[in-house]
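Notes to accompany the following structure.
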Amino acid sequence: MTRPADIPLRAIAALAFATGVVACNGEAPPPSAPPPSAPTGPFTLVDEAAARGLGGVINHCGAPVDKRYALEEIGQGCALFDKDGDGDLDLYVVDGCGLVPPARPGSDWTLDLAGRCTLLENDGTGRFRDVTDQAGAAGLRCFGAGVTAADYDGDGDVDLFVTCFGSDRLLQNDGRGVFADVTAAAGVGDDRWSTGSTFFDGDGDGDLDLYVGNYFAMTVARDPDCWNKVDCPYFELKAACGPKGMVAEPDRYWVNQGDGTFRDGTVAAGFGAVESRYTLGVIALDVELDGDLDLYVANDSRGNYLFLNDGKGGFSEEADLAGAALSGTGLQQAGMGVAAGDFDGDLDLDLFCTNFSHDDNTLYQNDGSGAFLDVTLRHAWGTETWLALGWGTSFADFDHDGDLDLFVANGHVYPGADARAPDLSYRQRCRSYEQEGGRYRDVTATVFPGAAPQKSYRGAAFGDIDGDHDVDVVVIAQNEAPTLFVNATPVRADRNSIAFDLLQDGMNRFAVGARVVIEAGGRRQLCTVQAGGSFQSSNESTIRFGLGPATTVERVVVTWPDGGVEEARGLAAGVRWRWRRGGAPDAWRSGS
């Protein structure tokens, strides 16, 4: 989390841009333009959490106010995944716990494990019921952080990896949505404070390895001095210590042995060659288009990491050389959530990273060679972005017009911000950005009808929860129920879509790392299968494309994780296609 000492530099940078003095990474400032007309509402996101069964799922993350530890501020994530193979998305919500003050002066605080993680089953229409009691070990009682959903053991169902303050947990799915805690047997227990994670095939052997980000070393001990003094102030607010000044924990890289167990490959793979930083966001992507998966790591209050894969399972950190470590003005930021997507339509993956308040979220454009340019200042994000503190995020084509929009979950870490910090609030709005003519504009005012709920949001997961072929969003909120934004955009004849579920034999059944390129309506689009991202969360594995007025996709090319290529032609829009490697796509879910 960024501290006040960083704010003046960013404020200066922002003022310089506003007055036309400097430009991002040396590019010419964008020309001045008249104020845009009022947005017309390209898509609509409606909160239906209570109506769809999420009203009773309350987040526990320390005290609602007077958060004395950073542990209480960072929050939790969630996963949208198909637990039982019935084709609809179920929901896993990670929970934290409360903190119990000492019974007598001088003794330690303790964890109150009254809350638990929750598994919710989708009835096929986008309504959920709590099935935690029937789901075995899914109902963890711990200070949870994040979750990644993937089939780590290659048995054809989706498992869960939950990061925690304390030992992480690997939950193995029996295929019916009943989970067993196999952490000890798999060898992935880690008592450090873990945050974001991702499954990906790092060494190219066909199974899914696991990268786990860690934050900093702390214990739930007696009241830190900084709470009662002014060692860690924020706009004259009492603030928990960290992360600056705290001991950063090294991340872990677990190599899948192919037999249900993992070994620690952190040092051997090259991840141990860098200094430890305060990791929050992690995502795997092929940066250089060379056929292997790299890693982008968002670090809090330090430069971000970009680990490039040598194709043999070895990684080197190249963020500075690639232009993805700092902002375009050369500043360290406070990276929280991260998303990868081809926003500019040139068939490579760009990056978006959410940051602390009094800073911009950062959009990095990939030039195709693995070098990035910070193009944040080219886009009309809106002045509210400067005061928002961003967490969960993703690229998604919410309106099916053929380009990628953006969603950001926001919420401050200091409850006292409502009363004492100028122009800040603890509970904030989620924000949406539509892409128009290659640039983003803030359409929050028209996307969320009525009074969109303001909460202190954290993790967000993205997927089609109601089976109507568009992207919905579940967002976790601190010490409150989640928000479920259902995409209620009206059906239009000129806004079509298509979706793909990829399946293959072997250990990587759901083809994590595969690339899909479509040609439709005179344009090409790219999407990849990912497992982990946003902020401590996991999105659906289904690949979705908006097509605009096109009713047919002329050509689809799938590059499978091992480099094999297959293609299909003349696929109809409005269909969710299931593509088993070696066979023709199967139209198994039709709709609008």
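Please go through segment 111-128 and give me each residue that is of a type in the set (S, T, N, Q) and open to solvent by 40 Å² or more (accessible area, probe 1.4 Å), ordered by number.
Going through segment 111-128, the residues of a type in the set (S, T, N, Q) turn out to be 118, 122, 125.
Scanning segment 111-128 gives a single hit, Thr125.
So, in segment 349-369, how many residues would count as being in contact (Cβ under 8 Å) with a residue 24 or more places away in the chain and part of a loop (DSSP other than H, G, I, E, B)?
11
Only one residue in Thr125, Thr148, Thr118 is polar (S, T, N, Q) and over 29 Å from Leu208 (Cβ atoms), so which one is that? If you could, list the steps in order and put the result at the bottom.
Numbers: Thr148 fails: over 29 Å from Leu208 (Cβ atoms); Thr118 fails: over 29 Å from Leu208 (Cβ atoms).
Going through Thr125, Thr148, Thr118 in turn, just one is polar (S, T, N, Q) and over 29 Å from Leu208 (Cβ atoms): Thr125.
If Asn304 satisfies all but one of (1) touching a Gly at 6+ places or on another chain (Cβ under 8 Å); (2) on the phi > 0 side of the Ramachandran plot, what's the number of the condition it fails?
All conditions are met except number (2).
Taking segment 424-454, which residues are of a type in the set (Ser, Thr, Tyr), open to solvent by 20 Å² or more (accessible area, probe 1.4 Å) and assigned to a loop (DSSP other than H, G, I, E, B)?
Restricting attention to segment 424-454, the residues satisfying the condition of being of a type in the set (Ser, Thr, Tyr) are 425-426, 432-433, 440, 444, 446.
Now drop any that are not open to solvent by 20 Å² or more (accessible area, probe 1.4 Å), which leaves 425, 446.
Across segment 424-454, the qualifying residue is only Ser425.
State all residues of segment 482-491 that are assigned to a loop (DSSP other than H, G, I, E, B) and in contact with a strand residue (DSSP E or B) (Cβ under 9 Å, 6 or more places away or on another chain); if no residue qualifies, say none. Give the steps one after another, and end with the answer.
The initial filter retains those residues of segment 482-491 that are assigned to a loop (DSSP other than H, G, I, E, B), namely 482, 488-491.
Within segment 482-491, Pro482, Ala488, Thr489 meet the criteria.
Which of (1) outside any helix (DSSP H, G or I); (2) at pLDDT below 85 is the odd one out, the single condition Tyr69 does not satisfy?
For Tyr69, the exception is condition (2).
Does Val517 fit the bill of being of a type in the set (Val, Ile, Thr), more than 26 Å from the chain's Cα centre (by Cα) and open to solvent by less than 50 Å² (accessible area, probe 1.4 Å)?
Working: of a type in the set (Val, Ile, Thr): yes; more than 26 Å from the chain's Cα centre (by Cα): no; open to solvent by less than 50 Å² (accessible area, probe 1.4 Å): yes.
So Val517 does not fit the description; no.
Looking at segment 414-427, is at least one residue of a type in the set (Ser, Thr, Tyr), closer than 26 Å to Val94 by Cα and modelled with pLDDT of 95 or more?
Initially, segment 414-427 is screened for residues of a type in the set (Ser, Thr, Tyr), giving 414, 425-426.
Then keep just the ones that are closer than 26 Å to Val94 by Cα; that gives 414, 425-426.
Next, only the ones that are modelled with pLDDT of 95 or more stay: none.
No - not one qualifying residue is present in segment 414-427.
Can you find a residue that is within 25 Å of Ala79 (Cβ to Cβ) and in contact with a helix residue (DSSP H, G or I) (Cβ under 6 Å, 6 or more places away or on another chain) anywhere in segment 412-421?
Just the residues of segment 412-421 that are within 25 Å of Ala79 (Cβ to Cβ), to begin with: 412-413.
Next cut, in contact with a helix residue (DSSP H, G or I) (Cβ under 6 Å, 6 or more places away or on another chain) only: 413.
Among the residues of segment 412-421, at least one is within 25 Å of Ala79 (Cβ to Cβ) and in contact with a helix residue (DSSP H, G or I) (Cβ under 6 Å, 6 or more places away or on another chain), which makes the answer yes.
Applying the selection to segment 318-347, what residues are closer than 23 Å to Gly438 by Cα, crowded, with 20+ Cβ neighbours inside 10 Å and not small (Gly, Ala, Ser)?
Thr329, Val338, Asp342, Phe343
Note down all Cβ pairs under 9 Å where the first residue falls in segment 397-408 and is over 11 Å from Tyr440 (Cα atoms) and modelled with pLDDT under 95, the second is open to solvent by 30 Å² or more (accessible area, probe 1.4 Å) and among the hydroxyl-bearing types (Ser, Thr, Tyr), and they're at least six residues apart or on different chains.
none
Out of everything in segment 550-568 that is without any contact (Cβ under 8 Å) to a residue 40 or more places away in the chain and under 21 Å from Thr528 (Cβ atoms), what residue ends up being surrounded by the fewest Cβ atoms within 10 Å (Cβ to Cβ)?
Just the residues of segment 550-568 that are without any contact (Cβ under 8 Å) to a residue 40 or more places away in the chain, to begin with: 552, 554-555, 564-568.
Checking which are under 21 Å from Thr528 (Cβ atoms) leaves us with 554-555, 564-568.
Working: Glu554: 13, Arg555: 14, Gly564: 12, Val565: 9, Glu566: 16, Glu567: 11, Ala568: 16.
Restricting to residues being without any contact (Cβ under 8 Å) to a residue 40 or more places away in the chain and under 21 Å from Thr528 (Cβ atoms), the top hit is Val565.
Looking at Ala184, Ala137, Ala180, which one is surrounded by fewer than 24 Cβ atoms within 10 Å (Cβ to Cβ), free of Cβ contacts under 8 Å to residues at least 24 places away in the same chain and either farther than 20 Å from Leu502 by Cα or out of contact with any Pro (no Cβ under 8 Å at 6 or more places or on another chain) (or both)?
Numbers: Ala137 fails: free of Cβ contacts under 8 Å to residues at least 24 places away in the same chain; Ala180 fails: free of Cβ contacts under 8 Å to residues at least 24 places away in the same chain.
The unique qualifying residue is Ala184.
Looking only at segment 520-536, which residues are more than 22 Å from Gly77 (Cα to Cα) and open to solvent by 20 Å² or more (accessible area, probe 1.4 Å)?
Initially, segment 520-536 is screened for residues more than 22 Å from Gly77 (Cα to Cα), giving 520-527.
Across segment 520-536, the qualifying residues are Gly521, Gly522, Arg523, Arg524, Gln525, Cys527.
If you scan segment 360-386, which residues turn out to be touching a His at 6+ places or on another chain (Cβ under 7 Å) and over 24 Å from Asp320 (Cα atoms)?
In the first step, residues of segment 360-386 are kept if they are touching a His at 6+ places or on another chain (Cβ under 7 Å); the result is 363, 386.
Hit for segment 360-386 is Trp386, nothing else.
Of all residues in segment 91-110, which are free of Cβ contacts under 8 Å to residues at least 40 places away in the same chain and surrounded by fewer than 18 Cβ atoms within 10 Å (Cβ to Cβ)?
First, pick out the residues of segment 91-110 that are free of Cβ contacts under 8 Å to residues at least 40 places away in the same chain: 98, 100-101, 103-105.
Scanning segment 91-110 gives Val100, Pro101, Ala103, Arg104, Pro105.
Out of all the residues in segment 243-259, which are assigned to a strand (DSSP E or B) and of a type in the set (A, V, I, L, M)? Steps first, answer last, please.
Our first condition is that a residue be assigned to a strand (DSSP E or B); within segment 243-259, this holds for 248, 252-256.
The answer is Ala248, Val255.
Out of segment 455-475, which residues are in a strand (DSSP E or B) and either open to solvent by 10 Å² or more (accessible area, probe 1.4 Å) or within 22 Å of Gly124 (Cα to Cα) (or both)? Spell out how you get there, then give the answer.
Here is the first cut: in segment 455-475, the residues in a strand (DSSP E or B) are 455, 457-463, 472-475.
Passing the criteria: Lys455, Ala460, Ala461, Phe462, Gly463, Asp472, Val473, Val474, Val475.
Residues of segment 453-481 being touching a Cys at 6+ places or on another chain (Cβ under 7 Å) and at negative phi, which ones? It would help to see each step written out before you state the result.
So the first thing to find is which residues in segment 453-481 are touching a Cys at 6+ places or on another chain (Cβ under 7 Å), and the list is 457, 459, 461, 474-476, 478-479.
Within segment 453-481, Tyr457, Gly459, Ala461, Val474, Val475, Ile476, Gln478 qualify.
Conditions (1) under 15 Å from Leu526 (Cβ atoms); (2) in contact with a His (Cβ under 7 Å, 6 or more places away or on another chain); (3) among the hydrophobic types (A, V, I, L, M, F, W, C), marked per residue:
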residue: Glu540; (1), (2), (3): no, no, no
residue: Gly546; (1), (2), (3): yes, yes, no
residue: Ala550; (1), (2), (3): no, no, yes
residue: Glu554; (1), (2), (3): no, no, no
residue: Val558; (1), (2), (3): yes, no, yes
residue: Gly563; (1), (2), (3): no, no, no
residue: Glu566; (1), (2), (3): no, no, no
residue: Trp579; (1), (2), (3): no, no, yes
residue: Asp586; (1), (2), (3): no, no, no
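The values are calculated or read from the model by the stated rules, or taken from the named source; none is laboratory data. These figures come from a predicted structure and were not determined experimentally. Every residue, glycine among them, receives a Cβ derived from its backbone with ideal geometry; neighbour counts consider all protein chains shown. Calculation scope for accessible area: heavy atoms of the full protein, side chains included, ligands and nucleic acids excluded. Shrake-Rupley method; radii C 1.70, N 1.55, O 1.52, S 1.80 Å.
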